[in-house]
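What follows is calculated from the coordinates using simple rules that are stated; it is not laboratory data. None of the values given here were measured: they were computed from a predicted structure. Positions of Cβ are generated from backbone atoms using ideal geometry, with glycine treated the same way; all protein chains shown enter the neighbour counts.
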Amino acid sequence: MNFLACDREQPFLMPPDPRDWLPEGHLAWFVLASVEEMDLSAFFAAYRRDGWGRAAFEPSMMVSLLLYAYARGERSSRGIERKCVEDVAYRVIAAQQKPDHATIARFRARHEDALAELLSSALSLCKQAGLVKVGVIAIDGTKVHANASHHCNLDYEQLAREIIKEASEIDSAEDELYGDARGDELPEHLRTSERRRAALKEAKRKLERSRDGAENESAKTEAAGQVEALGVKIELDAELLVPPGGGPRGMAARGSPPAR
C-alpha cells in the first residue's frame with residue numbers, strides 16, 4: 001500500500017528556523033513587531049541589575065506572549081502554558097521556552113498596571129492597523145456593566161484593565177479547582193510509555209471479559225426467548241419432588257423399613 005510515512009521518532013521535522021514555521025502575514029509577527037516599538041522600561045525596572053538571583057524570563061517575551069494570548073481570547077494562564085507546548089505561534093513567540101502557569105500569573109499580577117497601559121496602547125495600534133474585529137483581535141466579547149446602561153463601550157484603557165481582571169478571575173478559579181496542577185495532566189499510571197502500554201492491555205482484557213460476559217448473558221436471554229416463543233412450558237411435578245431427608249412422596253425415607 002502506498003502511504004505517506006508517519007515516523008514519530010524522526011528527530012526534527014520542522015524547519016530549523018522558527019521564522020519558517022508561520023506565514024509572513026500571521027498575527028504573531030505583528031504582535032512581536034508591535035512590542036519592539038513599545039517602551040518596556042516599566043517592566044525591566046522591576047528586576048535587579050546586578051544579575052543576582054534566579055534567572056527570569058525576558059520581559060519582552062512575556063509581554064508578547066500575554067498580548068498575543070489576550071488578542072486570541074485566551075485569558076487562562078494554564079491555557080497559555082498549554083499552548084506554549086502545543087501551538088506553533090505560541091512557541092515562536094516564546095522562543096521555544098515553556099513558562100508554567102504560575103510564572104505567567106505572577107508576571108501578570110506583578111506588572112498589572114504597566115501591562116494594562118501597554119495593552120491599551122496595543123489595542124489602539126491594532127485599531128489603527130485595522131485588526132480590531134472578530135476573528136483577529138478577540139476583544140469584542142468583553143463587556144462591562146455600567147450605571148448609564150446595561151452595557152457600554154469603553155475606551156481601550158478600561159477595556160485592557162477589564163481583560164486583565166478577567167484573566168485574574170479565571171486563574172483564581174482554576175487555582176481553586178486544580179491547585180498547583182495544570183488540570184489536563186494524565187493520571188500518574190499513564191504518564192510513561194511502559195505504564196500506558198500495561199494499562200491499555202489490562203483495560204483491553206477487562207473489556208473482553210465484560211464483552212464475553214455480556215454475550216453469554218445475551219445468549220441465555222435469547223435461548224429463553226426462543227423456548228417461550230415455541231410455547232414450551234416447563235413445570236415441576238410436585239409428586240416427584242424429594243422432600244428433605246426422604247425420597248419421592250409415597251416412598252420410605254432412606255434407612256427406614258418399608259411401610260406395610
Among the residues of the range 60-75, are any over 30 Å from TYR156 (Cα atoms), without any contact (Cβ under 8 Å) to a residue 24 or more places away in the chain and either touching a Lys or Arg at 6+ places or on another chain (Cβ under 8 Å) or among the polar types (S, T, N, Q) (or both)?
no
Looking at the range 32-46, can you tell me whether even one residue there is closer than 21 Å to LYS165 by Cα, touching a Leu at 6+ places or on another chain (Cβ under 7 Å) and touching a residue at least 12 places away in the same chain (Cβ under 8 Å)?
no
Turns out the helices (runs of 4 or more DSSP H) fully within the range 1-92 with at least 2 residues that are among the polar types (S, T, N, Q) and touching a helix residue (DSSP H, G or I) at 6+ places or on another chain (Cβ under 9 Å) are 59-71
Unique residue being closer than 17 Å to ALA167 by Cβ, within 27 Å of the chain's Cα centre (by Cα) and of a type in the set (Gly, Ala, Ser) when the list is ALA28, ALA89, ALA95, ALA69:
ALA69
